[in-house]
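Notes follow once the structure below has been shown.
The values are calculated or read from the model by the stated rules, or taken from the named source; none is laboratory data. As the structure is a computational prediction, the values presented were derived from the model and not from experiment. Neighbour counts run over all protein chains shown; Cβ positions are idealised from the backbone, glycine included.
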């Protein structure tokens, strides 16, 4: 991968304070990019909870293509996102 990508990964991994991370994301991303990131996270949560793709599409006003990507990720055996969601939702739906 690109050296700049590696720099970003290190930066995100090093940033452990909630307020610092919030500020960093707000400084690096436009409001629309943040909105897209939040949308992606919400649809991944909905998919993990078993919500039908068509219902997700209707809820957020997005195409099934956007949702299909998330669905494919969650079907991967070693998907990190799936592990995170499992840790959060399989323990009495803590989120």
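Here are some notes:
- Residues (farther than 29 Å from residue 9 by Cα and either in a helix (DSSP H, G or I) or in contact with a helix residue (DSSP H, G or I) (Cβ under 9 Å, 6 or more places away or on another chain) (or both)) located in the stretch 24-51: 51
- Meets criteria (at pLDDT 95 or above and either in a loop (DSSP other than H, G, I, E, B) or touching a strand residue (DSSP E or B) at 6+ places or on another chain (Cβ under 6 Å) (or both)) for residue 59: no
- Condition met for residue 45 (within 12 Å of the chain's Cα centre (by Cα) and under 22 Å from residue 87 (Cα atoms)): yes
- Enumeration of residues in the stretch 70-87 that are surrounded by 12 or more Cβ atoms within 10 Å (Cβ to Cβ) and in a helix (DSSP H, G or I): 70, 71, 73, 74, 81, 82, 84, 85, 86
- Scanning the stretch 22-49 for residues being over 28 Å from residue 72 (Cα atoms) and surrounded by 13 or more Cβ atoms within 10 Å (Cβ to Cβ) gives a total of 1.
- Lone qualifier among 79, 13, 58 - being touching a helix residue (DSSP H, G or I) at 6+ places or on another chain (Cβ under 7 Å) and without any contact (Cβ under 8 Å) to a residue 12 or more places away in the chain: 79
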